[in-house]
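Reviewing the structure listed below.
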Amino acid sequence: MKNEKRNERRWQMMTLSVIIGLVSLSIACEYDYYDKGTGTYSLMQAELVEAYATSPQLLSYVIDDNGNKLSLTPPFEAKWAKKTDSAYRALLYYNKVENGAEPINCGQISTAVILPLDSFKNGVRQDPVRFESAWVSKTGRYLNMCIYLMTGEPQSKDNYHLIAVADDSIVVNSDSTRTQRLRLYHHQGGMPEHYSQRAYFSIPLHNVHADSISFAINTYDGEIIKKVKVKNEK
C-alpha cells in the first residue's frame, strides 16, 4: 500500500507539471495566432528541450531534441527550476537570434519513467484519452507523446488525472530485432469530461534496450498501437 501511494504521488506530480506546460502553450499560441506582423511573436519557434539552470530559478541555456545547444538571451526566470546545475524537460517558445535564443515562454513538461507491471497493484487502468502524436527525438533520448485529456472544473482536490507508462513485455521478432511493449496507464480520477486539453510528456529511453517500441493507448475510438523505432545511444 505504501509503494502504491508513492507511485500515485509520482503520477500526480507528473500530471501537474504537464498542466503547467499547457499553460505556457496556450499563452504562446494565443500570441502566435493573433500577431501576423513583424512583432515580438511573429517569428516564434517552439521546441521540446532540456533546459539547464545555472542558478536557482534561472535558465541559461537549453539543448533541443536535435542536440543543438542554445544560449538563452536573456536568461529565463522559471520558478519551477529550483535546483542548480540540473536539467529540466520543457517546452520552449523563442525567437531565434544571432547568439542563441530569445525566450518568450518556457513551461516544464513531465517525464514518465517506465514502470514494471508489478508496480500497478490494482492493474493497469486505461481510461480513454485522445491521441495526437508520438515521436522519438533525433538524439534518441526521448519518446515524446502528445495526447488530449477530457477535463473540467474538479469537484474536489482529490480529483486529478493519473498518468504513467507500464512495461508490458519484450518480444523478439522474426528478424531477431526486439520490441518493447508499453501501455499507457490513465486514471480519469473523477475529473469531469467537459472539454479536451492537450498534454505533452516525454519518456526517457536510456533504459530501453530494444530496437522498437509498441505503445498501446486506449482512446475514445478504441485501442491503438503506436510503433516507433528506437535510436540506441552508444
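Within the range 77-98, the only residue that satisfies the criterion of being open to solvent by 40 Å² or more (accessible area, probe 1.4 Å) and among the hydroxyl-bearing types (Ser, Thr, Tyr) is 84. Here is the figure for the range 192-223: residues that are out of contact with any Leu (no Cβ under 8 Å at 6 or more places or on another chain) and not β-branched (Val, Ile, Thr) total 16. If you take the residues in the range 197-229 that are open to solvent by less than 20 Å² (accessible area, probe 1.4 Å) and assigned to a loop (DSSP other than H, G, I, E, B), which one is nearest to residue 154 (Cα to Cα)? Within the range 197-229, the match that is nearest to residue 154 (Cα to Cα) is 205.
In summary, residue 74 fulfils each of the numbered conditions (1) surrounded by 14 or more Cβ atoms within 10 Å (Cβ to Cβ); (2) in a strand (DSSP E or B) with the single exception of condition (1). Selection over the range 54-98 of residues that are under 19 Å from the mean Cα position of the chain (by Cα) and of a type in the set (Gly, Ala, Ser) gives a count of 6. The test for being closer than 22 Å to residue 116 by Cβ and in contact with a Ser or Thr (Cβ under 8 Å, 6 or more places away or on another chain) holds for residue 178.
Residues being without any contact (Cβ under 8 Å) to a residue 60 or more places away in the chain and open to solvent by 80 Å² or more (accessible area, probe 1.4 Å): count how many of those fall in the range 130-142.
Of the residues in the range 130-142, the ones without any contact (Cβ under 8 Å) to a residue 60 or more places away in the chain are 133.
Now restrict to residues that are open to solvent by 80 Å² or more (accessible area, probe 1.4 Å): none.
Total satisfying the criteria: 0.
Taking the numbered list (1) in contact with a Gly (Cβ under 8 Å, 6 or more places away or on another chain); (2) not in a loop (DSSP other than H, G, I, E, B) in turn, residue 156 passes all entries but (2). Is it the case that residue 176 is without any contact (Cβ under 8 Å) to a residue 60 or more places away in the chain and either in a strand (DSSP E or B) or surrounded by fewer than 21 Cβ atoms within 10 Å (Cβ to Cβ) (or both)? It is true that residue 176 is without any contact (Cβ under 8 Å) to a residue 60 or more places away in the chain and either in a strand (DSSP E or B) or surrounded by fewer than 21 Cβ atoms within 10 Å (Cβ to Cβ) (or both).
For the range 177-190, the criterion of being within 26 Å of residue 87 (Cα to Cα) and of a type in the set (Gly, Ala, Ser) is met by no residue. Please enumerate the residues belonging to the range 99-129 that are open to solvent by 60 Å² or more (accessible area, probe 1.4 Å) and within 15 Å of the chain's Cα centre (by Cα). Within the range 99-129, 111, 113 meet the criteria.
I'd like the residue in the range 179-196 that is open to solvent by 40 Å² or more (accessible area, probe 1.4 Å) and outside any loop (DSSP other than H, G, I, E, B) and, out of all such residues, is farthest from residue 126 (Cα to Cα).
So in the range 179-196, the residues open to solvent by 40 Å² or more (accessible area, probe 1.4 Å) come out as 181, 183, 187, 190, 193-196.
Then keep just the ones that are outside any loop (DSSP other than H, G, I, E, B); that gives 181, 183, 187, 195-196.
Numbers: 181: 15, 183: 8, 187: 7, 195: 19, 196: 17 Å.
So, considering only residues that are open to solvent by 40 Å² or more (accessible area, probe 1.4 Å) and outside any loop (DSSP other than H, G, I, E, B), the one farthest from residue 126 (Cα to Cα) is 195.
The values are calculated or read from the model by the stated rules, or taken from the named source; none is laboratory data. Every value quoted in this text rests on a predicted model; they were computed, and no experiment measured them. Methodologically, a virtual Cβ is constructed for each residue, glycine included, from the backbone with ideal geometry; neighbour enumeration extends over all protein chains shown. The area values use the complete protein model at the heavy-atom level, side chains included, leaving out ligands, DNA and RNA. Shrake-Rupley method; radii C 1.70, N 1.55, O 1.52, S 1.80 Å.
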